[in-house]
1. Could you say which residue among Lys39, Lys72 is of a type in the set (D, E, K, R), out of contact with any helix residue (DSSP H, G or I) (no Cβ under 7 Å at 6 or more places or on another chain) and under 30 Å from Gln185 (Cβ atoms)?
2. Can you name the condition, by its number, that Tyr102 falls short on among (1) of a type outside the set (A, V, I, L, M); (2) at positive phi; (3) in a helix (DSSP H, G or I)?
3. Give me the residue from region 75-100 that is touching a residue at least 12 places away in the same chain (Cβ under 8 Å) and over 32 Å from the mean Cα position of the chain (by Cα) and, out of that set, surrounded by the most Cβ atoms within 10 Å (Cβ to Cβ).
4. Would you mind telling me which numbered condition in (1) exposed (fewer than 12 other Cβ atoms within 10 Å of the Cβ); (2) of a type in the set (Asp, Glu); (3) within 23 Å of Phe87 (Cα to Cα) Asp128 fails?
5. Which one of these is within 39 Å of the chain's Cα centre (by Cα), over 30 Å from Leu82 (Cβ atoms) and outside any helix (DSSP H, G or I): Glu121, Glu164, Glu148?
6. Based on this model, can you work out whether Ser61 counts as of a type outside the set (Asp, Glu), modelled with pLDDT of 85 or more and under 60 Å from the mean Cα position of the chain (by Cα)?
Amino acid sequence: MTGLDKIIERINEESKAENEAVLKKAREEADRILAEAEKTAASDEKKIIADAEKEAASIVSRADSQAALYQKQQILSEKGNLINQVFSDAVASLTSLSDDEYFKLIQKMLDKYSRKGEKGEIAFSAKDNSRMPTAFKANLAPLTLANEKPEISGGFILKYGDIEENCTFEALLRDKREELQEEIQKAIF
C-alpha cells in the first residue's frame, strides 16, 4: 500500500468514526425529542380527554334542562287545553238546557245584570228567539226585544242607548275565568 492509499484509508476510517459519532448523537437527540413528544402528547391527550368529558357533561346537562323545560311547557299547554275544554263544555251544557230551564237561567241573569226600571233593548240569538216561551217575552218590560239577532251561542246582549252589556255565556265565563280557573285546577289536577 502506498502512502496515499494509507492516508485515504485513514481519512475513510476517521470519517466513518466521525459519521458514526454524529449518527449516534443524532439518534440520541431524536430519542430525546421523541420521548418529550410522547410525554407532551400523553399530557395533551389527558387534557383533551378531560376537556371533552367536561364539554359532554355540559351538553348533557343543557339537554336535560331543555327536555325538562319542554316537558313543563307541554304539561302547561295541555292543562290550558283541558281548562279551555271545561269552559267550552260549560257553555255547551248551558245552551243545551231544556227551554224551561234555560229561560229560568236567563231570567236570573236578567235580574242580576239589567238596570232595574230602565228602558233598553235585549238581543238574543236567532235560536234563542225561536225557542223563547211566550210568558218570558211578556215579562221583559221595560226591555224590548232587539230586531238584530247576534251570532252568540247563549245568553244575551243588553243595550241602553249607546252602551252595550255583553251577557253571553262566553263573556261571563271569560270575566270569571281567573277565579274559576283556580277552582277547575283544584278539581281536575
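The values are calculated or read from the model by the stated rules, or taken from the named source; none is laboratory data. Remember, it's a predicted structure, so these values are computed and weren't measured experimentally. Don't worry about glycine lacking a Cβ; one is built from the backbone with ideal geometry, like all the others, and counts go over all protein chains shown.
1. Details: Lys39 fails: under 30 Å from Gln185 (Cβ atoms).
Answer to the check: Lys72.
2. Checking Tyr102 against (1) of a type outside the set (A, V, I, L, M); (2) at positive phi; (3) in a helix (DSSP H, G or I), the one that fails is (2).
3. Leu94
4. (1)
5. Testing whether each residue is within 39 Å of the chain's Cα centre (by Cα), over 30 Å from Leu82 (Cβ atoms) and outside any helix (DSSP H, G or I) leaves just Glu164.
6. On the way: of a type outside the set (Asp, Glu): yes; modelled with pLDDT of 85 or more: yes; under 60 Å from the mean Cα position of the chain (by Cα): yes.
Criteria met by Ser61.
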